[in-house]
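Colleague: Right, I'll just put the structure down here and ask away after.
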Amino acid sequence: MEKLMISGGRPLQGMVSISGAKNSAIALIPAAILAESEVILDNLPLLSDVAVYAEILEELGAEVAWEGSQMRIDPSSIKSIPMPNGPVKKLRASYYMMGAMLGRFKEAVVGLPGGCNFEPRPIDQHIKGFEALGATVTNEHGSIHLHAKELRGTKIYLDVSSVGATINIMLAAARAKGATIIENAAKEPEIIDVATLLNSMGAIIKGAGTETIRIEGVSELHGCRHSIIPDRIQAGTYMIAAAATRGDVLIDNVIPKHLEAITAKMQEMGVLIEEFDESIRVKGTPSYEHVDVKALIYPGFATDLQSPMTSLLTQARGVSVLSDFVYSNRFKHVPELVRMGAKIRVEGRSAIIEGGRLNAAKVKAADLRAGAALVIAGLTVEEGVTEVTGVEYIDRGYDHLVSNLRMLGADVWRQSE
Ligand code: EPU
């Protein structure tokens, strides 16, 4: 096990290039199962979750060749094999195996997902969608068993506009008979990315990115080549880190439109931001104003940036209120930030943050974004070394984190625990 050591107090300066989106990648890889020939994914992030997904596909008999940021997946010899255990258990997003296998084989057995553990995360909307398409779904000894004689298109209204359920239903419906309409669909950019891949594979999906998605089922899908969108959460994390350290960083390979909510909030605080076609420059200033932030579904402020934003708000004057309306209790970073001297209290769905200096401490990342929050906090500390354990969570979502931060002038290194 390794830990991250951070000797903070240096403004981040320079340029960082953002890799492909994790939350797209881990939906696009299983989507490739639906094709009958090779799918090539470009701009893939180098993350442990991606490696686990490659393992899952190989277990089913797919040929997977991963080199740098490109993965070639040949699913032509894939078989329907039950997956109650093994790599599926390492990954929450292995729930996409349900939609993908159901779409291709009309059956699947998938062990219940693991993954980030900040709160119970139900999959009832995924199951509601599969059942509406004609599948029988049962939970047997911790594995979800799905089976359908045939999948038939239908209208599905999601009670919550879930990213995972929207994508999972698209995967299964792409090869169903007839048209499926998802109402109250999630609108996140990753959903558009998955629809783009599926359409390049021969699917007929319209409306991705709006709350109504229409999927005209087809009997067969073919291989294609697709480049993954940039990771907006990774980009937002570097934006926050740049501002928190009062640095000046050009964040390259981004889609500025995907970053509108975080950009607007940071500008409201007094951070200087310049937008270009495919990059964003973030320049810190000596003093920031407190702001209130509400994490909402897209295009609102991303819940995945809520924890990193907490660290930035400790650097603002006065009291900020940060509320999360996507997850009710995603505040595992708060007690750790408090160990670093932050004045934060959690009330219901909100963290109330009083600005002030942080000090070095030994802290533990309890999930991926909590880890990012602690790294940012450590970067602001002027004296001493902050030690962050739980690096395995951070590695799930930020590739080349240490080398990127070092390139930006931070004094950060990994050390064995
Ligand atoms: N929900 C239900 N029932 C469901 C599905 C979701 O009640 O069947 C609830 C959840 O409990 C939550 C809300 O709906 O309160 C939204 O959950 P959603 O399904 O949209 O989240 P997800 O698909 O499980 C993805 C990302 C998360 C990100 C959320 C929200 C992946 C693999 N994960 O999760 O990313 O927080 O969307 O944007 O795409 C992360 O990257 O750190 C991360 C956790």
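The values are calculated or read from the model by the stated rules, or taken from the named source; none is laboratory data. These figures come from a predicted structure and were not determined experimentally. No Cβ is skipped: glycine too gets one built from the backbone with ideal geometry, and neighbour counts run over all protein chains shown.
Colleague: State yes or no: is P122 free of Cβ contacts under 8 Å to residues at least 12 places away in the same chain, within 14 Å of the ligand (Cβ to nearest atom) and not small (G, A, S)? Break it down into steps so the answer makes sense when it comes.
Modeller: On the way: free of Cβ contacts under 8 Å to residues at least 12 places away in the same chain: yes; within 14 Å of the ligand (Cβ to nearest atom): yes; not small (G, A, S): yes.
When the stated conditions are applied, P122 passes them.
Colleague: Right, something else. Of the residues in the stretch 170-191, how many are away from the ligand (no atom under 11 Å from the Cβ) and within 14 Å of the chain's Cα centre (by Cα)?
Modeller: 0
Colleague: Filter the stretch 160-217 down to residues that are buried (at least 23 other Cβ atoms within 10 Å of the Cβ) and of a type in the set (S, T, N, Q) and give me whichever is farthest from H258 (Cα to Cα).
Modeller: T180
Colleague: For the stretch 395-402, check the following and say yes or no: at least one residue is away from the ligand (no atom under 16 Å from the Cβ), buried (at least 17 other Cβ atoms within 10 Å of the Cβ), within 25 Å of K90 (Cβ to Cβ) and of a type in the set (D, E, K, R). Before the answer, list the steps.
Modeller: Filtering the stretch 395-402 down to residues away from the ligand (no atom under 16 Å from the Cβ) leaves 400, 402.
Subset that is buried (at least 17 other Cβ atoms within 10 Å of the Cβ): 402.
Still in the running and within 25 Å of K90 (Cβ to Cβ): 402.
Add one more test, that the residue is of a type in the set (D, E, K, R), and what stays is none.
No.
Colleague: Could you figure out which of (1) at pLDDT 95 or above; (2) under 30 Å from A242 (Cα atoms) isn't true of I40?
Modeller: Result: I40 fails condition (2) only.
Colleague: Another question, then. Which one is surrounded by the fewest Cβ atoms within 10 Å (Cβ to Cβ), of the residues in the stretch 267-287 that are touching a helix residue (DSSP H, G or I) at 6+ places or on another chain (Cβ under 6 Å) and over 19 Å from G20 (Cα atoms)?
Modeller: Applying the first criterion (touching a helix residue (DSSP H, G or I) at 6+ places or on another chain (Cβ under 6 Å)) to the stretch 267-287 yields 271, 273, 275, 280, 282, 284.
Retained after the next criterion (residues that are over 19 Å from G20 (Cα atoms)): 271, 273, 275, 282, 284.
Values: V271: 23, I273: 19, E275: 14, V282: 24, G284: 23.
Among those that are touching a helix residue (DSSP H, G or I) at 6+ places or on another chain (Cβ under 6 Å) and over 19 Å from G20 (Cα atoms), it is E275.
Colleague: In the stretch 156-185, what residues are in contact with a Phe, Trp or Tyr (Cβ under 7 Å, 6 or more places away or on another chain) and farther than 22 Å from R104 by Cβ?
Modeller: As a first pass, look at the stretch 156-185 and keep what is in contact with a Phe, Trp or Tyr (Cβ under 7 Å, 6 or more places away or on another chain): 164, 167-168, 171-172, 183-184.
Answer for the stretch 156-185, where residues must be in contact with a Phe, Trp or Tyr (Cβ under 7 Å, 6 or more places away or on another chain) and farther than 22 Å from R104 by Cβ: E183, N184.
Colleague: Still on this structure: Would you pick out the residues in the stretch 373-416 that are out of contact with any Lys or Arg (no Cβ under 7 Å at 6 or more places or on another chain) and among the hydroxyl-bearing types (S, T, Y)?
Modeller: The answer is T380, T386, Y393, Y398, S403, S416.
Colleague: Within the stretch 133-143, restricting attention to residues that are within 27 Å of the chain's Cα centre (by Cα) and either at pLDDT 95 or above or of a type in the set (F, W, Y) (or both), which residue is farthest from G209 (Cα to Cα)? Show your work before the answer.
Modeller: Residues of the stretch 133-143 that are within 27 Å of the chain's Cα centre (by Cα), as a first pass: 133, 137, 139, 142-143.
From what is left, the residues that are either at pLDDT 95 or above or of a type in the set (F, W, Y) (or both) are 133, 137.
Details: L133: 22, V137: 28 Å.
Among them, the one singled out is V137.
Colleague: When you scan the stretch 153-210 for strands (runs of 3 or more DSSP E) that lie fully inside it, which ones turn up with 2 or more residues that are β-branched (V, I, T)?
Modeller: Working: elements: 155-157, 179-183, 204-206.
Hits in the stretch 153-210: 179-183, 204-206.
Colleague: Also, quick follow-up: Quick one: which residue in L337, L296, L312 is within 16 Å of the ligand (Cβ to nearest atom) and not basic (K, R)?
Modeller: Exactly one residue qualifies, and that residue is L296.
Colleague: Suppose we filter Q306, Q315 for residues that are farther than 25 Å from M15 by Cβ, crowded, with 21+ Cβ neighbours inside 10 Å and in contact with a helix residue (DSSP H, G or I) (Cβ under 9 Å, 6 or more places away or on another chain); which single one remains? Step through it out loud before you land on a result.
Modeller: On the way: Q315 fails: farther than 25 Å from M15 by Cβ.
It is Q306.
Colleague: Go over the candidates T303, T310, T386 one by one and state the one that is at negative phi, touching a Gly at 6+ places or on another chain (Cβ under 7 Å) and modelled with pLDDT of 95 or more.
Modeller: Values: T303 fails: touching a Gly at 6+ places or on another chain (Cβ under 7 Å); T310 fails: touching a Gly at 6+ places or on another chain (Cβ under 7 Å).
The unique qualifying residue is T386.
Colleague: So which residues in the stretch 343-370 are part of a helix (DSSP H, G or I) and either hydrophobic (A, V, I, L, M, F, W, C) or under 17 Å from E382 (Cβ atoms) (or both), if there are any at all?
Modeller: Kept after step one, since they are part of a helix (DSSP H, G or I), are these residues of the stretch 343-370: 368-370.
Hits for the stretch 343-370 are L368, A370.
Colleague: Looking at the stretch 235-249, can you tell me whether even one residue there is in contact with a strand residue (DSSP E or B) (Cβ under 6 Å, 6 or more places away or on another chain), surrounded by fewer than 22 Cβ atoms within 10 Å (Cβ to Cβ) and not assigned by TED's automatic domain parsing to the domain that holds R104?
Modeller: yes
Colleague: Which residues, counting only those in the stretch 130-169, are among the polar types (S, T, N, Q) and within 12 Å of the ligand (Cβ to nearest atom)?
Modeller: Residues of the stretch 130-169 that are among the polar types (S, T, N, Q), as a first pass: 136, 138-139, 143, 154, 161-162, 166, 168.
The answer is S161, S162, T166, N168.
Colleague: Hey, among K3, K22, which residue is buried (at least 16 other Cβ atoms within 10 Å of the Cβ), away from the ligand (no atom under 13 Å from the Cβ) and under 19 Å from Y398 (Cβ atoms)?
Modeller: Numbers: K22 fails: away from the ligand (no atom under 13 Å from the Cβ).
Going through K3, K22 in turn, the sole match is K3.
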